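What follows draws every value from the coordinates through simple rules; no lab data is involved. As the structure is a computational prediction, the values presented were derived from the model and not from experiment. Every residue, glycine as well, gets a Cβ built from its backbone with ideal geometry; the counts of neighbours run over all protein chains shown.
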Amino acid sequence: MSNTLRLNSSSNKLETIEFYFNDKKLNGYKGEPIAASLLANGIKTIRTCEITGENRGIFCGIGHCYECRAEVDGIPNVRTCLTPARQGAKVFSQASGIKGDMEDES
Ligand code: FES
C-alpha cells in the first residue's frame, strides 16, 4: 500500500484493514472508499468495458459515471468510489455491465 498516492499520508490514526481484489490480499484503511484503496495499491483498472473490452477505473470519483463498478461481497455493480472498504471484503472485477441490460435489447 502506497501512502504517496493518498491526500493525507501523515495520518497514522486510521485503522488498517485487509481486503481482497480478484483474490489478491490488499491493505487499506477502514472507511476509505474501495476505489481509493485500490489506487493506493497501484490498481487503476477496476473493470473492463462490456462492449470494447477497454480497461475502466476511477473517472468521476463521486458516484456519477459508474466506471468504477465491481462485485463487492457478491453484490454486482457496486460503485467502489462510494463504498467504504471493510475488513475481509471480497472485491472482484466485472467484465460486463449491469446484468440484464444487453439481454433485453433483442
Ligand atoms: S468513479 Fe464515477 S461512479 Fe465511481
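Would it be correct to say that Gly88 is of a type in the set (Gly, Ala, Ser) and near the ligand (Cβ under 8 Å from one of its atoms)?
On the way: of a type in the set (Gly, Ala, Ser): yes; near the ligand (Cβ under 8 Å from one of its atoms): no.
The answer is no for Gly88.
Can you tell me which residue in the stretch 61-79 is farthest from Lys44 (Cα to Cα), limited to those that are of a type outside the set (A, V, I, L, M, F, W, C), within 10 Å of the ligand (Cβ to nearest atom) and in a strand (DSSP E or B)?
Arg79
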Candidate set: the stretch 18-57, residues that are in a loop (DSSP other than H, G, I, E, B) and of a type in the set (S, T, N, Q); chosen: the one nearest to Val91 (Cα to Cα): Asn22
Of residues in the stretch 48-60 being more than 6 Å from the ligand (Cβ to nearest atom) and either surrounded by 14 or more Cβ atoms within 10 Å (Cβ to Cβ) or touching a residue at least 60 places away in the same chain (Cβ under 8 Å) (or both), the one nearest to the chain's Cα centre (by Cα): Gly57
